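The values are calculated or read from the model by the stated rules, or taken from the named source; none is laboratory data. These numbers come from a predicted model, not from an experiment. Cβ sites come from the backbone with ideal geometry, for glycine too, and all protein chains shown count toward neighbours.
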Amino acid sequence: MKDFFLRNNDYHLWATNLLYHSIEKLSDDEYKKDVGLFFKSIHGTLNHLLVVEKVWFSRLSGEVYVPTSLGEELETNKDKLKEQLQIHIGKWNGWIQNFDDSSWQNVFRYKTMRGFEAELLYCDVVQHNMNHRTHHRGQITAAITHLGGIAPEIDYVYYLQSLGK
């Protein structure tokens, strides 16, 4: 499972970088425009992704991070937000690499943002985080297209093909 999650995390970094190639072609007004996404704009959705990266990583690594909301704006600057997302996606590689491969099916207990006790398998927590990234990148690609831009081809198969697989 370790190799699977490492490959998927690398894919997410690759896809995020490609997504930013399209985002960087948008004006600041387009980037921050309410286009009907759950977190309103591309900027709001990217901030949400950073919040969630920090929430799940802190839970698993034992750090303390409790945002004010899932829509909290952690970074106002587009370039700094990109940098923070790249850093936080990259942090997962170290965590996954150091995780005991025999523990993926173990139960992970945590407290939800609403204060409830919850539990999931470690493998499901990591998979949830990766699916969450994909979900919101899909929303952002739709928003880019809606704004007249060209969305990148970031399907997993394109990543694998870029590796020569």
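The selection criterion, being aliphatic (A, V, I, L, M), part of a helix (DSSP H, G or I) and within 24 Å of residue 11 (Cα to Cα), does not hold for residue 120.
Residues of the range 79-90 that are touching a helix residue (DSSP H, G or I) at 6+ places or on another chain (Cβ under 6 Å) and either over 17 Å from residue 45 (Cα atoms) or not basic (Lys, Arg) (or both): 81, 84, 85, 88, 89.
Of all residues in the range 135-152, which are surrounded by 12 or more Cβ atoms within 10 Å (Cβ to Cβ) and touching a residue at least 40 places away in the same chain (Cβ under 8 Å)? Residues satisfying the conditions are 136, 137, 139, 140, 141, 143, 144, 146, 147, 149, 151, 152. For residue 115, the stated conditions do not hold, so it cannot be described as out of contact with any Pro (no Cβ under 8 Å at 6 or more places or on another chain) and either assigned to a helix (DSSP H, G or I) or under 16 Å from residue 140 (Cα atoms) (or both). Answer yes or no as to whether residue 24 is among the charged types (D, E, K, R) and modelled with pLDDT under 95. Considered against the rule, which asks whether it is among the charged types (D, E, K, R) and modelled with pLDDT under 95, residue 24 comes out as no. Scanning the range 144-165 for residues that are within 21 Å of residue 30 (Cβ to Cβ) and assigned to a helix (DSSP H, G or I) yields 144, 145, 146. From the list 112, 76, the one residue that fits, being more than 15 Å from the chain's Cα centre (by Cα), more than 30 Å from residue 29 (Cα to Cα) and either hydroxyl-bearing (Ser, Thr, Tyr) or at pLDDT below 95 (or both), is 112. Pairing residues of the range 85-104 that are under 30 Å from residue 73 (Cα atoms) with residues that are among the polar types (S, T, N, Q) and surrounded by fewer than 17 Cβ atoms within 10 Å (Cβ to Cβ), at Cβ distances under 9 Å and at least 6 apart in sequence or on separate chains, gives 86/17; 91/61; 95/61.
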